[in-house]
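Novice: For reference, the structure I am asking about is given below.
The values are calculated or read from the model by the stated rules, or taken from the named source; none is laboratory data. If you're wondering where the values come from, they're calculated on a predicted model, not measured in any experiment. Glycine also receives a Cβ, built like all others from the backbone with ideal geometry; neighbour counts cover every protein chain displayed. Only protein heavy atoms, including side chains, enter the accessible area calculation; ligands, DNA and RNA are left aside. Shrake-Rupley method; radii C 1.70, N 1.55, O 1.52, S 1.80 Å.
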Amino acid sequence: MKYLALALLLCVLTSLSNSQCYVKQRTPDTETQTHCQDDVDLTWHPKGTKWRNSACQDCTCDSCCAGYATPTKFPKDCVSVFDQEACQYVVHKKDDPSVLCPIFGAVGK
């Protein structure tokens, strides 16, 4: 019964998380390399540096994370739209994109 309760708790906690990062797999070859390749843009970067790729991910040679926050709570008469150039969500009125809406909650970054 204890294991069932633990399994249920883990399922609930997993559904509450919002994983926006991933760790790159290390191999013996990657340990000796002086550069690494971005998984999205296929560009090469020196170890120890940070960069943002075209998918708006902030990366190092070891991991990448979303470089933006995703709005989760905002007024019902508003909509969130991702601006790929600015790497951010803009929340505005559904019927008038020139009117910005407040964001009460977000995940990421």
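Novice: I'd like the full set of residues that are part of a loop (DSSP other than H, G, I, E, B), open to solvent by 30 Å² or more (accessible area, probe 1.4 Å) and in contact (Cβ under 8 Å) with a residue 24 or more places away in the chain, limited to the range 59-76.
Specialist: Selection gives ASP62, TYR68, ALA69, PHE74, PRO75.
Novice: Considering the range 88-104 alone, what residues qualify as being touching a Phe, Trp or Tyr at 6+ places or on another chain (Cβ under 8 Å) and either modelled with pLDDT under 95 or farther than 21 Å from ARG52 by Cα (or both)?
Specialist: Of everything in the range 88-104, those that are touching a Phe, Trp or Tyr at 6+ places or on another chain (Cβ under 8 Å) and either modelled with pLDDT under 95 or farther than 21 Å from ARG52 by Cα (or both) turn out to be VAL91, CYS101, PRO102, ILE103, PHE104.
Novice: Pick from the range 18-58 the residues that are more than 24 Å from GLN84 (Cα to Cα) and part of a loop (DSSP other than H, G, I, E, B): which of them is least open to solvent (accessible area, probe 1.4 Å)?
Specialist: The selected residue is THR27.
Novice: Collect the residues in the range 78-109 that are under 16 Å from the mean Cα position of the chain (by Cα), more than 21 Å from CYS21 (Cβ to Cβ) and open to solvent by 90 Å² or more (accessible area, probe 1.4 Å), keeping them in residue-number order.
Specialist: GLU85
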